[in-house]
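The values are calculated or read from the model by the stated rules, or taken from the named source; none is laboratory data. Just so it is clear, the structure is predicted and the values come from calculations on it, not from any experiment. Just so you know, the surface numbers come from the protein's heavy atoms only, side chains and all, with ligands and any DNA or RNA stripped out. Shrake-Rupley method; radii C 1.70, N 1.55, O 1.52, S 1.80 Å.
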Amino acid sequence: MSGTMTPAYDSVLSTTAVISTVFQFLSGAVICRKYIQKKSTGDSSGVPFICGFLSCSFWLRYGVLTNEQSIVMVNIIGSTLFLIYTLVYYVFTVNKRAYVKQFAIVLGILIGVIVYTNTMQDEPQKMIHFTGIVCCIVTVCFFAAPLTSLVHVIRVKNSESLPLPLIATSFFVSLQWLIYGILISDSFIQIPNFLGCLLSLLQLGLFVVYPPRSYSYSGQGYKLLEQAVPF
């Protein structure tokens, strides 16, 4: 590929990656709509919303520091959406005090990291490196949510509890960002999305090994969001 084609290719890839990621984030709107209709969150967890907000906020910070406009754009949208989902969950949950505590902890972590990295203003590369490490750690931790589902599928030898469309979408989105990270030589984008591809492939493999006896495309409510790993 010639040098003149590479920037154009990067631009097309980043644009399609942003669009597909935003559509993935919008899976949370489906869940919130159910909360509004039922006027209750039931027994679903609101932690994925909070973790999504934290992850997108860190990646937004990373995008600003590295001047990567596509990273900034997708995570401005992502952090806004996850904040809205968090507020909707708060309105309809009966465990408001516990949820506020969880959000306060996450907010404290976010502010603490930002304040700490601001002390590195004289060393911009160190600032970027530290923020990138934090982004990777938070994103990898977010991957842990669907792992409990994998254990359940292997135990019951049935993949019907896994949301196939969301897993396939997650693989596609992670693959796009992985390729983009390779093109711009950014290991902090490459690593979490490589792991995201692996996790999605593992889950897709379970559909082959343990075919669903019956299948619901919606899956369990919050599992939709767990597949929508922020960035």
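At-a-glance table
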quantity	calculated
GNM result for the chain, Cα springs below 10 Å: residue of Ala17, Ala98, Ala168 fluctuating most strongly	Ala98
Dimensionless Rg over Rh [the chain; C-alpha; Kirkwood]	0.99
Accessible area expressed per residue, the chain, with surrounding protein chains retained (probe 1.4 Å, Å²)	50
Whole-number percent relative contact order across the chain, with pairs defined as alpha carbons under 8 Å at least 6 apart	28
Exposure ranking of Glu123, Glu68, Glu160 by accessible area [1.4 Å probe, largest first]	Glu123, Glu160, Glu68
Helix runs (DSSP H) in the chain reaching 15 Å along axis by Cα, Kyte-Doolittle at least 0.5	5-25, 47-66, 69-92, 96-118, 124-156, 164-183, 187-209
Extension reserve of the Val156-Gln69 stretch, reckoned as 0.36 nm per residue once the Cα distance is removed	26.9 nm
Nearest-10 value in Å² for the accessible area of Leu204, using the 1.4 Å probe	50
Bins of 10 Å from zero: percent of alpha-carbon pairs in the stretch 45-98	28, 43, 21, 8, 0
Within the accessible area of the chain (1.4 Å probe), percent carbon and sulfur	70
Equivalent ellipsoid semi-axes, the stretch 1-119, via Cα gyration tensor eigenvalues times 5, rooted, Å	32, 20, 7
Accessible surface of Leu183 - all protein chains present, 1.4 Å probe, nearest 10 Å²	60
Residue with peak Gaussian network fluctuation, the chain [Cα springs, cutoff 10 Å], from Tyr62, Tyr90, Tyr116	Tyr116
Two-decimal ratio, the stretch 83-154, of alpha-carbon radius of gyration to 2.2 N^0.38 Å	1.48
Most mobile of Ser185, Ser27, Ser14 in a GNM of the chain (Cα contacts under 10 Å)	Ser185
Listed residue pairs exceeding 26 Å between alpha carbons, taken from Lys39/Lys101; Lys39/Lys96; Lys101/Lys126	Lys101/Lys126
